[in-house]
1. Kindly report the accessible area of the range 20-62 per residue (heavy atoms of protein chains, probe 1.4 Å, no ligands, DNA or RNA), in Å².
2. With n ≥ 4 as the cut-off for DSSP H runs, can you work out [θ] at 222 nm for the chain, using -39500 (n - 2.57) per run divided by the number of residues, rounded to the nearest 500?
3. By how many nm would the segment from Asp235 to Asn216 grow when fully extended, if each residue of separation counts as 0.36 nm and the alpha-carbon distance is taken off?
4. Just how large is the dipole of the range 138-262 about the Cα centre, in debye to the nearest 20, putting +1 at every Lys and Arg Cβ and -1 at every Asp and Glu Cβ?
5. Could you calculate the contour length gain from Lys40 to Arg27, that is, 0.36 nm times the residue separation minus the distance between their Cα atoms, to one decimal place in nm?
6. For Kirkwood radius over Cα pairs in Å, the choices are (1) 20.3; (2) 17.7; (3) 18.3; which was calculated from the structure?
7. Show me the trypsin sites (Lys or Arg not before Pro) within the range 105-205 that DSSP assigns to loop and that have at most 16 other Cβ atoms within 10 Å of their Cβ.
8. Could you list the GluC sites (Glu not before Pro) in the range 83-144 that lie in coil according to DSSP, counting only those with at most 15 other Cβ atoms within 10 Å of their Cβ?
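The values are calculated or read from the model by the stated rules, or taken from the named source; none is laboratory data. Everything quoted here is computed from the prediction, not taken from an experiment. Positions of Cβ are generated from backbone atoms using ideal geometry, with glycine treated the same way; all protein chains shown enter the neighbour counts. Only protein heavy atoms, including side chains, enter the accessible area calculation; ligands, DNA and RNA are left aside. Shrake-Rupley method; radii C 1.70, N 1.55, O 1.52, S 1.80 Å.
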Amino acid sequence: MSTTAENGRVVGAQTVARAFAVLRLFRDHQGDLGVGAVSKELGLNLSTTHRIVRALVAEGYLAQNEENERYYLGTAALLLGQAAHHNFGLDVVYPVLQELGNVTGESVNLGVLAGDSAVVVERIESAQPLRFTQPPGTRVPLHASSMGKALLAFNREVEVRTLKGVSRLTRITAKTHATARSLRSDLEAIRARGWSTDDEESTIGVRCAGAPICDNAGVARAAIAVQAPAVRVPDERFDELGPLVASAAKEISALLPPGHSF
């Protein structure tokens, strides 16, 4: 194998990684971006950034605003997102999330496991003026969120990977579990009742109830949560929200085709 060929593969892989970094930047940014802003954000030189951006425009993943010469996500990105939405089964589960939002009057999230966190992929907004918002793409910690703890409780591999050799946990608020021992005790309680809670553990003033979406083997790779301002969730309301979330999660699990994995 020649060095040139080997180097070519490295360069090619680096270019692909940079292209994905550009797309992620546009995904997470609200509004148009110029080449200079992309270059600065990603630490790339202008000529490299311009080549990547023009290649993405040629493929339809970016488009240019002719008035200000900045760029935004194009039609190909939209179609890719729609295909992923369908393949994830989100079009099938959306009515269940909507019904859960209607019954509880609160916001509802669906999140999937992504490394050491959960990522919000679907969102139902509460109609109430005081509400908590986490748009799709938001990452939430596994140890300090109702979705994350539902995933840990019903995915042994992830629990072991997350807590192996760990004694102290990152405190986000004064109510976050400070130790792995404390969290493990909470996970046992979650497994026993089938739903999890977030008692202002990730955001002060927000309380949540969550439940796992499990496959046929009982392993969770996704979860849902009802989220509300703490003033609307006194302790006794957890006993109302928890079973509702757990029931919706089981309904979603039943709707997904055999072998489906988020």
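1. Per-residue value: 59 Å².
2. -15500 deg cm²/dmol
3. Stretched fully, the Asp235-Asn216 segment lengthens by 3.6 nm.
4. Numbers: 17 positive and 14 negative charges, 99 e Å.
The dipole of the range 138-262 has a size of about 480 debye.
5. The span from Lys40 to Arg27 would gain 3.0 nm if fully extended.
6. Here Kirkwood radius over Cα pairs in Å agrees with entry (1).
7. Qualifying residues, ordered by number: Arg131, Lys164, Arg171, Lys175.
8. Glu125
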